[in-house]
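The structure appears below as structure tokens.
The values are calculated or read from the model by the stated rules, or taken from the named source; none is laboratory data. Everything quoted here is computed from the prediction, not taken from an experiment. FYI the Cβ positions are ideal-geometry reconstructions off the backbone, even for glycines, and counts take in every protein chain you see. Side chains are part of the model used for accessible areas, which takes the heavy atoms of the whole protein and leaves out ligands, DNA and RNA. Shrake-Rupley method; radii C 1.70, N 1.55, O 1.52, S 1.80 Å.
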Amino acid sequence: MNSYERAREFAKKYVDPIATKIDEEARFPKEIFDKLGEEGFFKLMIPKEMGGEGGTIKDHSQVCQGLAESCATVGLCYMMHNVALMCILGQGSEELKKKIVGEVINERKFCALAYSELGTGTHFYKPELNIKHLDGEAVISGKKSMVTSAEYASYYLVLAPSKKEGEIDNWVVPLGSEGLKFEMENWHGMGMRGNASCPMELNDVHLDELYKIGEWGSGLGQVFSIVAPFFILGLASVYSGLGRAISRAAVEHATARKYPDGSSLANIETVQIHLAKIYNRVNAAAALTAHAADKAVRGDADAVVDIIAARIAASEAAIETSIDAMRVGGGKAYNKSGPLERLMRDAYASQIMAPSVDVLTIWLGKLITDQPIP
């Protein structure tokens with residue numbers, strides 16, 4: 001059983017039964033994340049010599065996609081954990097790695113990202129936090145705009161101005177830190193409603209330098225060398241999974257909706273055209289995502305190009321597919337009968353998730369013409 005199959009088996013058992021309820025109640029799926037921890041998914045990317053499963057970026061992609069086919073919220077929040085953990089594993093001190101890895105394995109804790117900015121938005125690598133550097137610690141104040149898994153993850157990665165002039169640093173902020181506050185009442189997501197993606201305030205939060213990841217001024221390098229590949233491919237995987245869910249739901253509706261003579265919507269040529277377009281789009285996006293993951297595993301020099309292309313393709317395919325699927329669903333879908341309306345709202349979140357599709361499209365154009373990106 002590969003990682004995708006394992007994730008699908010898990011999702012059918014634990015996610016499918018409550019996917020609609022997660023959306024209706026706009027609540028973080030804590031019970032699912034408890035089960036993810038129990039079944040070892042949190043330690044997927046931890047090296048075997050440290051007690052983990054030694055997964056690759058392809059395993060990361062497959063699990064995110066497999067979970068997202070049942071609920072995009074679950075796939076996305078799980079993806080954030082892997083990305084944050086990879087940054088700690090890649091650049092954190094031995095003391096920090098030992099501490100957090102031990103808690104992930106033994107206490108089933110998980111991580112999240114807190115990068116989004118109120119002012120610079122999707123250009124999250126331009127942080128607006130205020131930081132004071134003291135002897136052996138830092139004091140951070142400011143606000144992050146949309147923090148996924150708010151109040152549920154045990155650690156949050158934030159970017160802040162560095163002691164090294166003009167650079168930034170990555171810090172790990174533990175849940176429960178004095179001065180840390182989440183504005184849960186300000187989460188009103190149109191889609192992906194279980195994300196608990198609300199503002200996070202840091203009011204003179206004191207952090208021991210243990211919680212700084214890597215050397216002073218290395219934050220931007222971490223963002224582009226570690227965070228970006230795992231995050232962008234993870235998003236491509238989540239929206240590939242969501243696209244497949246939309247396709248499956250549209251086919252099920254078209255075949256189940258019967259006329260008095262016994263024929264179905266699926267017998268109508270126009271509907272067949274919509275379903276064929278849906279199938280082609282989502283499977284093309286999934287194939288490009290799998291191709292990008294394979295290139296990343298091999299370490300191909302141009303892997304980042306296909307990772308970005310896969311994210312763009314998967315996000316746009318999910319949105320375009322949801323439009324056609326709502327046409328197939330008709331009045332029933334508009335009246336929220338079945339999952340298509342929920343899946344459409346989830347799809348629309350894909351275009352604004354940082355870095356946004358617009359930003360990534362510019363980056364892709366620069367990369368394929370040998371121009372530098374930020």
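A few points about this structure:
- Extension gain, Glu9 back to Lys126 (0.36 nm per residue minus Cα-Cα distance, nm): 38.1 nm
- Cα gyration tensor category, rounded, prolate or oblate, for segment 1-135 with a/c compared to 1.5: oblate
- Sulfur and carbon atoms: percent of accessible area, segment 142-211 [1.4 Å]: 45 percent
- Aspartates and glutamates whose Cα lies under 14 Å from that of Lys181, excluding same-chain neighbours fewer than 8 positions away: Glu151, Glu201, Asp204
- Axis of helix 94-107 versus longest Cα principal axis of the chain: the two differ by about 40°, to the nearest ten degrees.
- Listed by chain and number, the lysines whose C-alpha is less than 17 Å from the C-alpha of Lys164, apart from same-chain residues fewer than 8 away, are Lys126, Lys132, Lys212.
- C-alpha long axis of helix 57-68 to longest principal axis of the chain, angle in °: 50 degrees
- In Å², nearest 10: area of His133 left accessible to a 1.4 Å probe: 60 Å²
- The chain - accessible surface per residue (Å², probe 1.4 Å): 42 Å²
- Of the whole protein surface, Asp59 contributes about 40 Å² of accessible area at a 1.4 Å probe radius.
- A probe of 1.4 angstrom, applied to the heavy atoms of all protein chains, finds Leu118 with accessible area near 110 square angstrom.
- Between helix 303-334 and the chain: long-axis angle, C-alpha atoms, 0 to 90°, nearest 10: 40 degrees
- Here the simple spin-label model places points 7 Å from the Cα toward Cβ, and for Trp216 and Glu252 these points are separated by 5.6 nm.
- Cross-link pairs exceeding 20 Å in C-alpha to C-alpha distance, out of Lys43/Lys98; Lys48/Lys98; Lys43/Lys97; Lys13/Lys58; Lys109/Lys143, comprise Lys13/Lys58; Lys109/Lys143.
- Where N is the number of residues in segment 123-268, Cα Rg divided by 2.2 N^0.38 Å: 1.50
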